[in-house]
Ligand code: A2P
């Protein structure tokens, strides 16, 4: 079974540098994927209220823990506060629901999923849409107040660490200036075409570890129709052929060598196993430079959220109006 190295948070807690991403898998796929992942050595799982799969993941984790096949302390579980819960008074409610579904008494990391809040009627209304088709936004999102409620979850033992996702540097600055417990981790889109060099340097300065979502360049999207996605880029495929690895292994190894935590999603047992086999080789400085040069900055970004949440760019906390 492969041993996955860990990164250390400011508070000493450790996070495996590779975990299973779980967005966009149905419940049956999810149960099977988590089962196979646990069997082949994954101990880090990333989910979110918005992915609607916490209960399926919890089914498998609960079984493994109760049968003594894995100890809770060996697992690293992340989940996220949905945008429709982006208010201080909603944090406890949503984290309690997540814990119940995951069959856990605490998560290792609880993230604010996105800085712009929405106004859902209840927990089943996670993507509220108005009659005009636009998202129903909470224009009064107060990130500093929200963060205090996140800190309270650490105090209460419901989250070992707290963090953020999809924030920009200005928003992080505000949290850093007002917080009592700093964000341990920032989860953002990072892959070969969108390497987030400035944001990573900014997080590094603040001792915030970085986790890449979409680390393979999310090939399930059709955004790359005009040209090859990262997995098919000739630099990646030729390096993979030369080193006897797969393109996915090259892309993941590149990010891991940059000190980034990766959470590739796969519900396919072979690919899921393959993605974990990235600790038996090292990319040379030359190979790293070649992969670094694939970065297209903001042009390489896939997830702009405007497609999923119509009108969200008009929210005062929409994070992508500034360069990073
Ligand atoms: P599948 O679940 O069928 O394996 P990302 O984590 O960057 O968002 O990418 C997830 C997508 O990449 C999913 O469509 C997943 O499909 C696919 N994928 C995951 N691992 C691999 C791999 N090793 N090679 C090719 N595609 C992969």
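Extending 7 Å from Cα along the Cβ direction at residue 198 and again at residue 124 yields two label points whose distance is 4.4 nm. For residue 132 and residue 52, a Förster radius of 30 Å and the Cβ-Cβ distance give a FRET efficiency of 0.75, rounded to the nearest 0.05.
With a Förster radius of 41 Å applied to the C-beta separation of residue 257 and residue 93, the computed FRET efficiency comes to 0.55.
Give me the number: length gained by fully extending residue 29 to residue 10, i.e. 0.36 nm times residue separation minus the C-alpha to C-alpha distance, one decimal in nm.
On the way: separation 19, 0.36 × 19 = 6.84 nm, distance 3.50 nm.
Stretched out fully, the residue 29 to residue 10 stretch lengthens by 3.3 nm.
With an 8 Å Cα cut-off and a minimum separation of 6 or more residues, compute the relative contact order for the chain in percent. With pairs under 8 Å counted, the relative contact order is 19 percent. Of all DSSP beta bridges confined to the chain, the antiparallel ones make up roughly 20%.
For the residue pair residue 241 and residue 314, what label-to-label distance in nm results when each label sits 7 Å from Cα along the Cα-to-beta-carbon direction? Computed distance between label sites residue 241 and residue 314 equals 5.1 nm. Stokes-Einstein diffusion for the stretch 267-324 at 37 °C, viscosity 0.692 mPa s, with a Kirkwood radius from C-alpha pairs, works out to 214 µm²/s.
Computed packing ranks the peptides 4-11, 194-201 as 194-201, 4-11, most packed first, by mean other Cβ atoms within 10 Å. Highest average first, the peptides 21-28, 110-117 ordered by how many other beta carbon atoms sit within 10 Å of their residues are 110-117, 21-28.
Per-residue ellipticity at 222 nm from helix content only, as computed over the chain with -39500 (n - 2.57) for each DSSP H run of at least four residues, stands at -10000 deg cm²/dmol. Considering only alpha-carbon pairs that sit under 8 angstrom and 6 or more positions apart, the relative contact order computed for the stretch 208-324 is 25 percent.
Starting at 0 and stepping by 20 Å, how many percent of the alpha carbon pairs of the chain end up in each bin? The percentages, shortest bin first, are 33, 61, 7. Once the Cβ-Cβ distance of residue 281 and residue 322 is raised to the sixth power relative to R0 = 35 Å, the FRET efficiency obtained is 0.40.
All of the numbers you see were taken from the coordinates with simple rules; none came from a lab. Since this is a predicted model, take the numbers as computed values, not measurements. All Cβ positions, even for glycine, are placed from backbone atoms using ideal geometry, and neighbour counts span all protein chains on display.
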